[in-house]
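One structure is given here, and the rest of the page talks about it.
The values are calculated or read from the model by the stated rules, or taken from the named source; none is laboratory data. Given the structure is predicted, the values throughout are model-derived calculations rather than measurements. Here the Cβ is made from the backbone with ideal geometry for all residues, glycine too, and neighbour counts use every protein chain on show. The protein model used for the area step is the full one, side chains on, heavy atoms only, and it has no ligands, DNA or RNA in it. Shrake-Rupley method; radii C 1.70, N 1.55, O 1.52, S 1.80 Å.
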Amino acid sequence: MLLYERLAESLRVQIAQGVLRAGERMPSIRQLAHGHGISAATAVQACLQLEREGLVVARPRSGYFVRAATPLPPAIRPPRRRVPGSVSNPALQDVLDMLARSDLLPLHSATPAPALLPQPALAAALTRSLRHSSAAALDYAPPQGHLALRQQIAKRYAQVGAAVAPDEIIITAGAMEAISLALRTLTAPGDVVLVETPTYHGILQAVAALRLKVLEVPNLPGQGIDVARLEQLLQQNTVRAAVLIPNFNNPLGSLTSDANKQSLLESCAKHGTVVIEDDIYGELAWSGQRPSPLRRWDRHGMVISCGSFSKTLAPGLRVGWLAGSAWTDALVRAKYFSTVGSASLPQLAMADYLQRHDLERHLRRLRRTLADNAQRMHEAIARHWPQGTRASEPQGGLSLWLQLPAGGNGYALFEEALKDGIGTSPGVLFSSRGDYADCLRLSCGLPWSGRLDIALRKLGRLAARQSE
Ligand SMILES: Cc1ncc(COP(=O)(O)O)c(C=O)c1O
């Protein structure tokens, strides 16, 4: 047996016997090398072997930890809505009003904390744009948006094999406005649109505001969009548009496979359903392997692709976009009568940032931090939440989705947590009729801290009280 194998075996035994406990930090490389009279390289080799086996996890700058038992994934359940109907969910208004407090620990907000954003570089880009392009920065932007930024966005599409011309891109105030403009352009009141369940509550609000009817297709934990059910729904109903989040759905974080993406595109094309793709989390694959947007396989010109810098660079600058396909002219007109054009300065600053900086370098760090946060949150949940709590195992994005054990109520937990200054998103927000009453969503965009650990313990205690 090689030296590193001998050490790995000894550590394996210690983990199995509970000498090294789940969630506990492993001895440092230096301690292992010293204690076993081997080189640091050999000790590293042993730890890498245990990491490959899934027994330990590496945390940047903190060393190796024994992997905690992971909670089971949320249960799959059939959607309650079987025929098209209106969005009827009072929580959409009530909860969002209650969360409009600036003093909360923002576990409800699916955004990276400000500390994770490239603040100095963005500040410099804003200052430079104002100083060197003050006339443009202070004037109206073209309704379609500044060309320099549209070119940068087109370049990123090209990097993932999707052909999108700068002329097809329209700059919007975040992905939210992009989705609203697309829906407004494609539909008339009473039309049926398909959304995922669970899905991002902003999509449900946009659908409700336009007085559209919804059908819901399940997004399955760990699998993504249920394409067989999607085909069935399209066969049975006339559906004008489908608003889908194939890359790291909010709130589940699940990824739809490439094969299923192509299959759902074929279904939609066959039935004349336009796809509004919300690819806001595509850049946040924790593995670093950026999944393709649907747009890459759009052979029929049926996909309007929406994106945003809210989850990667700065939600407050409100810079998102649409790739409008055949609807580009109509969408530019809709953008004009909506806001004339998006604010000039943030667009110029984003273009400046993208020209001068390596976005990929920032994203690599951000993705690693998010994956690490999620891992620690999983461990805290396994340790401090009542037995039977289930948690999604996202592969990217910014959210963890939890299902409470029998007797648990996400809304009651949300209300109790607010009293302790902790924001959460109750599960009822994520469907058209307030399903998922026993679920809640937490953000993994907050860097790990003592405050976060205490908050997760508190939430665990509140959850335990519900199931007593
Ligand atoms: C799936 C999804 N789409 C759209 C948005 C809205 O993003 P933006 O800030 O770019 O408007 C969010 C924000 O949470 C989201 O999670």
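Taken about its Cα centre, the chain carries a charge dipole of roughly 620 debye when the Cβ of each Lys and Arg holds +1 and the Cβ of each Asp and Glu holds -1.
Rolling a 1.4 angstrom probe over the protein heavy atoms with all chains in place gives the chain an accessible area of 42 Å² per residue.
A Cβ-based charge dipole, computed about the Cα centre of the range 422-468 with Lys and Arg at +1 and Asp and Glu at -1, lands at about 160 debye. Go ahead and run the numbers for FRET between Ile454 and Ser10, Cβ-Cβ distance against an R0 of 35 Å, rounding to 0.05. It comes out at approximately 0.50. If R0 is taken as 35 Å, the Cβ-Cβ distance between Arg61 and Ser467 corresponds to a FRET efficiency of 0.45. Each of Tyr336 and Arg184 was given a label point 7 Å from its Cα along the Cα-to-Cβ line. The distance between the two points is 1.4 nm. Computed over neighbours whose Cβ is under 10 Å from that of Leu363, the net charge equals +3, Lys and Arg +1, Asp and Glu -1.
Carbon and sulfur together cover what percent of the accessible area of the range 114-356 at a 1.4 Å probe radius?
Heavy-atom surface of the range 114-356 belonging to carbon and sulfur, 1.4 Å probe: 53 percent.
Carbon-plus-sulfur accessible fraction, the range 366-445 (probe radius 1.4 Å, protein heavy atoms only): 41%.
Counted residue by residue at 0.36 nm each, then reduced by the alpha carbon distance between them, the extension gain from Ala113 to Lys419 reaches 108.0 nm.
Residues of the range 423-456 with an amide N closer than 12 Å to a point placed 7 Å from the Cα of Arg101 along the Cα-to-Cβ direction: 423-424. Rounded, prolate or oblate: pick one for the range 402-468, where a ≥ b ≥ c are the square roots of the eigenvalues of its C-alpha gyration tensor, a/c under 1.5 means rounded, and failing that, prolate if a/b is larger than b/c, else oblate. Oblate. Please work out the FRET efficiency for the pair Ala163 and Ala124, using the Cβ-Cβ distance as r and a Förster radius of 45 Å; give the result to the nearest 0.05. With a Förster radius of 45 Å, E is 0.90.
Model label points for Leu48 and Arg368, set 7 angstrom from Cα along the Cα-to-Cβ axis, are 1.6 nm apart. Based on C-alpha pairs under 8 angstrom that are at least 6 apart in sequence, the range 301-445 has a relative contact order of 15 percent. Heavy-atom surface analysis with a 1.4 Å probe gives the range 3-66 a carbon and sulfur content of 52 percent of its accessible area. Annotation: peptides 337-350, 128-141, ranked by per-residue average of other Cβ atoms within 10 Å with the highest first, follow the order 337-350, 128-141.
Near Lys213, the amide H atoms lying under 5 Å from its own belong to Gly190, Asp191, Val192, Val193; only residues 5 or more places off or on other chains count, and H is placed 1.01 Å from N.
A simple packing score, the average count of other Cβ atoms within 10 Å per residue, orders the peptides 117-126, 316-325 as 316-325, 117-126, with the highest score first. Remark on Ser425: its backbone amide H falls under 5 Å from those of Arg441, a criterion applied only to residues 5 or more positions apart or on other chains, H modelled at 1.01 Å from N. Our coupling estimate for the range 383-396, obtained by passing each phi through the Karplus curve with A = 6.51, B = -1.76, C = 1.60 and θ = phi - 60°, is 7, 10, 9, x, 4, x, 5, 10, 9, 5, 10, x, 9, x Hz, Gly and Pro reported as x. Candidates Ala158, Leu370, Ala41 compared by Cα position along the dipole of the chain: farthest toward the positive end lies Ala41, with charges placed on Cβ.
5 Å is the cut-off here: which amide hydrogens, built 1.01 Å from N in the peptide plane, fall below it relative to Val56, excluding neighbours closer than 5 in sequence? For Val56, the qualifying residues are Glu51, Arg67.
For Val160, the shell of other residues with beta-carbons less than 11 Å away shows a net charge of +3, using +1 for Lys and Arg and -1 for Asp and Glu.
Among 84-90, 377-383, the peptide with the highest mean count of other Cβ atoms within 10 Å heads the list, and the full ranking is 377-383, 84-90.
Simple point charges give the picture: +1 on the Cβ of Lys and Arg, -1 on the Cβ of Asp and Glu, and for the range 377-453 a dipole about the Cα centre of about 60 debye. Computed over neighbours whose Cβ is under 11 Å from that of Gly85, the net charge equals +4, Lys and Arg +1, Asp and Glu -1.
Quick check on the chain: helices-only [θ] at 222 nm, where DSSP H runs of length 4 and up contribute -39,500 (n - 2.57) each and the sum goes over total residues. Nearest 500, please.
One gets -13500 deg cm²/dmol as the mean residue ellipticity at 222 nm.
Projecting label points 7 angstrom from Cα along Cα→Cβ for Arg25 and Leu359 puts them 3.7 nm apart.
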